[in-house]
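Following: one structure in structure tokens, then a few remarks.
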Amino acid sequence: GMVLQEPAGAPSLSTAAGGVADATAEVQLSRLRWAVLLLFSSYSLCNAFQWIQYGSINNVFVRFYNVSAFAIDWLSMSYMLIYIPLLFPVAWLLDKRGLRLIALAGSALNAMGAWVKLGSLKPHLFPVTVLGQLICALAQVFILGMPSRIASVWFGSHEVSTACSIAVFGNQLGIAAGFLVPPVLIPNVEDVEKLAYHISIMFFMTAGVASALFILVIIVFKEKPLNPPSRAQALIQSRPTEEYSYMQSILRLLHNANFLLLMVTYGLNVGCFYALSTLLSRMVIRHYPGEEVNAGRIGLTIVLSGMVGALISGIWLDKTKTYKQTTLVVYIMSLVGMIVYTFTLSLGHLWVVFVTAGSLGFFMTGYLPLGFEFAAELTYPESEGTSSGLLNVSAQIFGIAFTIGQGQIMDHFGTKAGNLLLCSFLFLGTVMTAFIKADLRRLQANLENEQT
């Protein structure tokens, strides 16, 4: 019941779109919003850890299960593949049933997948680990579209971009842990029994954490605060439910030229990040044999610097509202970072790889919340779950294509050729970003109601 008054403006709102909608709900901020955000970030972290836990020690799992490197790559790509057909049903559920149901489903599936993996601790049980990963991939569908929705439903207009950054932050921290922890817990030993023991420790820890987070979601996670946190959110909540059609919303998004451009450019950038993350261990070990632990640390460096970039991006957007300019600058720097990384990977100095990978991660991962928030601005008052879901579908499609394409090029022509493929698509994305018009509808709604 503890609330904080949002500092500015009148509590009574009205709008003339299709008659007058009464939005007399008092605009207040709930202190519970930080607990909800932290809890979402935590189970998103756990799910992201399970995405990359195989890829970061690809060669170890190849030997343990006696399968190809491509089969282990598919454990990561399954996350991308499952997301594509299931986005629309889950986004529809998010609109119809709200945040709490989606949070419960996501955290429950995440815990279930982690427990299933515990049944795959013998080399002939690879299909069981595939099943566990598929359940975790299903959980991800209930997680990826939520950051901008949680930010809008729970946070005020002056903190919404920062909140979205923190929500994305958890996912990135999970990927960082997925790069760092498996090489430390599972040494590259010859004895299969010892290997199974080390793998079991990782699987048990993951299942325990995922289960604890699911219980916390049941206890803590609420649908929405008692009062809307911003004027824009008050207007949405005051809209009669029969006015809203999910299919009409998707059609409106697909007729929004600026959003379509952003959807493609977001997919190109994040697809490159997915491919780079999945194949990083193979790339580094090819140039620096026996450096599995350092390959994990390089992945960690990419993600940690990216988390700093994401947080700075969110705070910068809340201060300046320069969505188009910031997105374009970060995109250009992602391209520059990728080019530098491509030409320094084979120099033979690991410290150089750490520096170039860190600078690449700062901009490439820092782009994630920018895309979500820019989409929310371009598409207001459509549901943030639907717009960010479409961005994620684009990212998964490009992610699968880039991972397979770069993997094949690396096998036949080397790592430099594979990375140049990603550079060319980042260049295309940079050019397309320049053509997006900054039609900031959510910002305009807040400004108009402030004046009212």
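Can you tell me which residue within segment 213-231, out of those that are surrounded by fewer than 13 Cβ atoms within 10 Å (Cβ to Cβ) and not in a helix (DSSP H, G or I), is modelled with the lowest pLDDT?
The residue in question is LEU226.
Checking the condition farther than 15 Å from LEU260 by Cα, modelled with pLDDT of 80 or more, open to solvent by less than 10 Å² (accessible area, probe 1.4 Å) and not in a loop (DSSP other than H, G, I, E, B), which residue from GLY407, GLY429, GLY385 passes?
Answer to the check: GLY407.
Within segment 282-310, which residues are over 22 Å from the mean Cα position of the chain (by Cα) and open to solvent by 10 Å² or more (accessible area, probe 1.4 Å)?
Answer for segment 282-310, where residues must be over 22 Å from the mean Cα position of the chain (by Cα) and open to solvent by 10 Å² or more (accessible area, probe 1.4 Å): ARG282, ILE285, ARG286, HIS287, TYR288, PRO289, GLY290, GLU291, GLU292, VAL293, ASN294.
Here is a list of conditions, (1) closer than 26 Å to ARG297 by Cα; (2) polar (S, T, N, Q); (3) not in a helix (DSSP H, G or I), and SER200 meets all of them except one; can you say which number that is?
Going through (1) closer than 26 Å to ARG297 by Cα; (2) polar (S, T, N, Q); (3) not in a helix (DSSP H, G or I) one by one, SER200 breaks only (3).
Quick one: which residue in ALA234, ALA210 is crowded, with 20+ Cβ neighbours inside 10 Å, within 19 Å of GLY106 (Cα to Cα) and out of contact with any Ser or Thr (no Cβ under 7 Å at 6 or more places or on another chain)?
ALA210
Can GLU377 be described as touching a residue at least 24 places away in the same chain (Cβ under 8 Å), in contact with a Cys (Cβ under 6 Å, 6 or more places away or on another chain), part of a helix (DSSP H, G or I) and of a type in the set (Asp, Glu)?
The answer is no for GLU377.
Please find, within segment 126-151, the residue that is most open to solvent (accessible area, probe 1.4 Å) out of those that are in a helix (DSSP H, G or I), touching a residue at least 60 places away in the same chain (Cβ under 8 Å) and over 14 Å from TYR54 (Cβ atoms).
Looking at residues that are in a helix (DSSP H, G or I), touching a residue at least 60 places away in the same chain (Cβ under 8 Å) and over 14 Å from TYR54 (Cβ atoms), I get ARG149.
Of the conditions (1) aromatic (Phe, Trp, Tyr); (2) closer than 27 Å to GLU291 by Cβ; (3) surrounded by fewer than 18 Cβ atoms within 10 Å (Cβ to Cβ), TRP34 satisfies every one except a single condition; which number is it?
(2)
Tell me which residues, restricted to segment 59-83, are of a type in the set (Val, Ile, Thr), more than 24 Å from LEU268 (Cβ to Cβ) and part of a helix (DSSP H, G or I).
If the condition is that a residue be of a type in the set (Val, Ile, Thr), more than 24 Å from LEU268 (Cβ to Cβ) and part of a helix (DSSP H, G or I), then VAL60, VAL62, ILE72 are the ones that fit.
What pairs come up if the first residue lies in segment 56-74 and is not assigned by the TED database to the domain that holds ALA275, the second is among the basic types (Lys, Arg) and in a helix (DSSP H, G or I), and their beta carbons are under 7 Å apart, counting only those six or more places apart or on different chains?
Partner pairs satisfying both residue conditions: ASN58/ARG282; ALA69/ARG282.
For segment 84-101, what are the residues that are part of a helix (DSSP H, G or I) and either in contact (Cβ under 8 Å) with a residue 60 or more places away in the chain or surrounded by 23 or more Cβ atoms within 10 Å (Cβ to Cβ) (or both)?
ILE84, LEU87, PHE88, VAL90, ALA91, TRP92, LEU94, ASP95, LYS96, LEU99, ARG100
Run VAL184 past the list (1) assigned to a helix (DSSP H, G or I); (2) within 27 Å of LEU104 (Cα to Cα) and report the number of the one that doesn't hold.
(2)
Write out, first by first residue and then by second, each pair whose Cβ atoms fall under 8 Å of each other, whose residues are 6+ apart or on separate chains, and whose first residue, in segment 432-446, is in the same structural domain as TYR323 (by the TED database) and closer than 16 Å to TYR331 by Cα while the second is β-branched (Val, Ile, Thr) and open to solvent by 20 Å² or more (accessible area, probe 1.4 Å).
Once the first residue is in the same structural domain as TYR323 (by the TED database) and closer than 16 Å to TYR331 by Cα and sits in segment 432-446, its partners that are β-branched (Val, Ile, Thr) and open to solvent by 20 Å² or more (accessible area, probe 1.4 Å) give MET432/VAL264.
Whether any residue in segment 342-355 is crowded, with 24+ Cβ neighbours inside 10 Å, over 19 Å from the mean Cα position of the chain (by Cα) and aliphatic (A, V, I, L, M) is what I want to check.
There is at least one residue in segment 342-355 that is crowded, with 24+ Cβ neighbours inside 10 Å, over 19 Å from the mean Cα position of the chain (by Cα) and aliphatic (A, V, I, L, M).
Does any residue in segment 181-201 that is in contact (Cβ under 8 Å) with a residue 40 or more places away in the chain and open to solvent by 20 Å² or more (accessible area, probe 1.4 Å) come within less than 7 Å, Cβ to Cβ, of a residue that is in a helix (DSSP H, G or I) and of a type in the set (D, E, K, R) six or more places away or on a different chain, and which pairs are these?
Pairs found: ASN188/GLU292.
PHE61 - would you say it is of a type outside the set (D, E, K, R) and at pLDDT 85 or above?
yes
The values are calculated or read from the model by the stated rules, or taken from the named source; none is laboratory data. Please read these numbers as outputs of a predicted model, since none were measured by experiment. FYI the Cβ positions are ideal-geometry reconstructions off the backbone, even for glycines, and counts take in every protein chain you see. Quick note on the areas: whole protein, heavy atoms, side chains included, nothing else; ligands and nucleic acids left out. Shrake-Rupley method; radii C 1.70, N 1.55, O 1.52, S 1.80 Å.
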